[in-house]
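The values are calculated or read from the model by the stated rules, or taken from the named source; none is laboratory data. Predicted model only: the values in this text are computed from it and were never measured. Calculation scope for accessible area: heavy atoms of the full protein, side chains included, ligands and nucleic acids excluded. Shrake-Rupley method; radii C 1.70, N 1.55, O 1.52, S 1.80 Å.
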Amino acid sequence: MKNIVKSKFFSWIIALLVLANIASLGFYWIGHFKNQRDNSPKEFLAKKLNFSDSQKNTYFNLAKEHNQSAEKIRERIIIDKDNFFKLLKSNSIIDSSRNNAAWQVSLSIQSLDILTFEHFKKVRALCTEEQKPNFDDLIQQMVNSVNSPQKGPQPPIK
């Protein structure tokens, strides 16, 4: 009888610990996703510029449209780069074929850069005169961070 009581006791303890682990993981995931949403680039920019609710709504719609268009171009860049590097499979690569494939990649990247430029031009137009200097500084910081070489160990290639 004593073993049965101990067995039931330990079964309840194990079940309680499993439930506590599930609850902890649930709270962790909910917090992680909320934190990720609150720290998105668009949330960051809206917060730094102190956008009004009206500005936020307009900006979030612009960002959604931009992301949809940019995704299509990014898919095109992947295809163009894939075609470019497929040329390596050939034993004799014709310079004009290589140059044309490289040119196609650069045109796709150029279209993404222009799309992004025009997007931020629209975002700047949303800003009040007081917000524009802060916007200009933030954009310059973003450009500098993208163009500066990475320091420290590079992440492994997957």
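Points worth noting:
- Straightening the chain between residue 103 and residue 58 buys 12.6 nm, computed as 0.36 nm per residue apart minus the Cα-Cα spacing.
- Accessible surface ranking that places the most exposed of 93, 139 first, with a 1.4 angstrom probe: 93, 139
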